[in-house]
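Let me begin by presenting the structure, written as structure tokens, before commenting on it.
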Amino acid sequence: MKKSSCWPKLLSSSPLLLVTGGAGFIGSNFIRYTLARRPLWRILNLDALTYAGNLANFDDLSAQDRERHRFIHGDIRDLACLRRLFEQDEISAVIHFAAESHVDRSILGPEAFVDTNVLGTFRLLEAARAYWEGKGRPAAFRFLHVSTDEVYGSLGPQGRFCEDSPYDPSSPYSASKASSDHFVRAYFRTYGLPTIITNCSNNYGPYQFPEKLIPLMIMNIIEKKPLPVYGDGQNIRDWLYVLDHCQALLSVLEAGTPGETYNIGGGAERSNINIVHKLCDLLDSRLGRSGADSSYHLIRFVPDRPGHDRRYAIDSSKIQRELGWRPEHDFEHALAATVDWYLQHLDWVEAVRSGEYRRWISLNYQKRDEWCRGGEAPG
Ligand code: NAD
Ligand code: DAU
């Protein structure tokens with residue numbers, strides 16, 4: 001049975017959201033989406049502006065929306081900064097996106113993942129708990145933790161992850177997200193802090209940092225660079241358009257039940273090689289390439305990601321049944337729209353591809369060349 005949006009009615013004033021990691025891919029889409037649909041809501045955006053966070057993601061905010069969005073440059077590991085934030089403002093909910101989010105980076109440098117994803121989440125929970133207890137434990141407060149389907153590990157050809165699938169993370173990234181989920185759940189059970197967890201599948205869409213599969217391949221095709229497909233290219237992901245994810249998060253915030261977990265998936269399972277072929281087709285038709293010039297010639301199978309999960313698929317029947325959410329965007333159309341967005345925003349890509357980005361690309365893919373030449377892949 002669909003629940004109505006009860007949360008805003010519990011509040012005495014219009015909601016003030018503390019969004020962490022709001023300058024990243026999903027966070028910035030969520031802020032833009034929410035400001036446009038909830039004209040009375042205000043947002044504090046706390047972000048450390050790591051390589052993945054970019055204020056250029058807000059260049060297109062309208063003047064009215066800008067007034068309801070305040071950016072704070074700060075780190076979720078900094079407890080003093082968090083306490084100041086909670087002391088200054090009447091915060092209605094925390095939406096926690098801030099994280100180190102790239103699996104390959106977690107393989108070559110796991111410590112930052114423990115630091116931000118585990119310790120940072122713990123500090124944020126502590127600051128939120130102190131604030132919530134100080135206010136007399138208001139029932140309307142929410143702490144929404146945005147997590148991933150990767151905590152459940154890898155699937156074989158059959159089955160889908162549901163909310164009670166056992167945790168079985170494979171990478172330092174997913175292990176750190178699993179750990180943060182456990183802390184969030186423990187804060188509900190131990191202290192009663194009204195937390196909710198969402199576990200979501202692979203997002204794609206505008207403003208995604210070009211280290212992830214879809215934007216990396218789009219840019220490499222445009223620039224006629226090799227398209228590095230890990231392993232046999234048959235790993236499967238369940239793709240979700242980022243605005244469908246944003247709508248799901250709003251539904252969970254407004255009508256979800258504290259202590260619960262909601263799985264969010266796009267219902268669009270595709271193998272990696274299928275995605276790369278589609279991107280080649282879409283861009284070849286837009287760039288007028290064919291025959292010997294076709295982008296298919298750029299595809300290179302490279303050594304696999306160590307610990308590479310074979311398949312993810314989400315059973316999102318709980319959020320569909322209880323909150324009435326379902327993905328609205330068709331995969332083929334939304335992928336084409338994403339390609340067009342990147343073609344129209346090459347200046348954005350250029351601005352976010354810093355020296356750090358170039359160092360990362362050469363480290364990650366050069367390592368694969370070394371493994372290819374006979375060295376052992378880690379793991
Ligand atoms: P992203 O890497 O694009 O953005 C992360 C943001 O967090 C950046 O703006 C960065 O500056 C900020 N950040 C990092 N460390 C910080 C710190 N210590 N303090 C404050 N800010 C910090 O990530 P994304 O793809 O937008 O993912 C957002 C969240 O959603 C993450 O928690 C991720 O685990 C989760 N998630 C992502 C996907 C996906 O497909 N991208 C799917 C499921 C869940
Ligand atoms: O499932 C949700 C997760 O999706 C999120 O929790 C993560 O934050 C997000 O980064 C994403 O993780 P993945 O590892 O699935 O995404 P990525 O884009 O890195 O890779 C998608 C698939 O493509 C994966 O099977 C690895 C493969 N791949 C990736 C890159 C970067 C390649 O074959 N070549 C590449 O160069």
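The values are calculated or read from the model by the stated rules, or taken from the named source; none is laboratory data. Keep in mind the model is a prediction, meaning the values are calculated, not measured. Because the Cβ atoms are built from the backbone with ideal geometry, glycine has one as well, and the counts that use them run over all protein chains shown. Note: accessible area is taken over every heavy atom of the protein model, side chains too, but ligands, DNA and RNA are not part of it. Shrake-Rupley method; radii C 1.70, N 1.55, O 1.52, S 1.80 Å.
Which ones in segment 73-88 are under 15 Å from L49 (Cβ atoms) and exposed (fewer than 15 other Cβ atoms within 10 Å of the Cβ)? Hit for segment 73-88 is H73, nothing else.
Might you let me know whether segment 94-110 holds any residue that is away from ligand 1 (no atom under 14 Å from the Cβ), open to solvent by less than 10 Å² (accessible area, probe 1.4 Å) and over 30 Å from Q366 (Cα atoms)? Outline the logic, then answer.
Looking only at segment 94-110, we keep the residues that are away from ligand 1 (no atom under 14 Å from the Cβ), and these are 107-108, 110.
Adding the requirement that they be open to solvent by less than 10 Å² (accessible area, probe 1.4 Å) leaves none.
No, that holds for no residue.
Among I91, I72, I43, which is in contact (Cβ under 8 Å) with a residue 12 or more places away in the chain and in contact with a Lys or Arg (Cβ under 9 Å, 6 or more places away or on another chain)?
I43
Within segment 34-70, which residues are β-branched (V, I, T) and in contact with a His (Cβ under 7 Å, 6 or more places away or on another chain)?
Initial filter on segment 34-70 (β-branched (V, I, T)): 34, 43, 50.
Within segment 34-70, I43 is the sole residue that qualifies.
For segment 34-56, filtering for residues that are within 13 Å of ligand 1 (Cβ to nearest atom) and either open to solvent by 30 Å² or more (accessible area, probe 1.4 Å) or within 15 Å of the chain's Cα centre (by Cα) (or both) leaves 10.
Does R326 count as open to solvent by 50 Å² or more (accessible area, probe 1.4 Å) and assigned to a strand (DSSP E or B)? Here the answer is no, as R326 does not meet what is asked. Remark: pairs (first residue in segment 301-314, at pLDDT 95 or above; second residue in a strand (DSSP E or B) and basic (K, R); Cβ separation under 7 Å; 6+ apart in sequence or on different chains) = Y312/R237.
Count of segment 178-198 residues, restricted to those that are open to solvent by 10 Å² or more (accessible area, probe 1.4 Å) and closer than 13 Å to S147 by Cα, is 4.
In segment 273-307, how many residues are within 16 Å of ligand 1 (Cβ to nearest atom) and open to solvent by 20 Å² or more (accessible area, probe 1.4 Å)?
Taking segment 273-307 as the starting set, the residues that turn out to be within 16 Å of ligand 1 (Cβ to nearest atom) are 275, 305.
With the extra rule that they be open to solvent by 20 Å² or more (accessible area, probe 1.4 Å), the set shrinks to 305.
Qualifying residue count for the region: 1.
For S165, indicate whether it is polar (S, T, N, Q) and surrounded by fewer than 20 Cβ atoms within 10 Å (Cβ to Cβ). It is true that S165 is polar (S, T, N, Q) and surrounded by fewer than 20 Cβ atoms within 10 Å (Cβ to Cβ).
For segment 329-368, the tally of residues that are within 15 Å of ligand 1 (Cβ to nearest atom) and assigned to a loop (DSSP other than H, G, I, E, B) stands at 3.
Looking only at segment 227-277, residues that are of a type in the set (V, I, T), within 14 Å of ligand 2 (Cβ to nearest atom) and within 30 Å of S14 (Cβ to Cβ) come to 2 in all.
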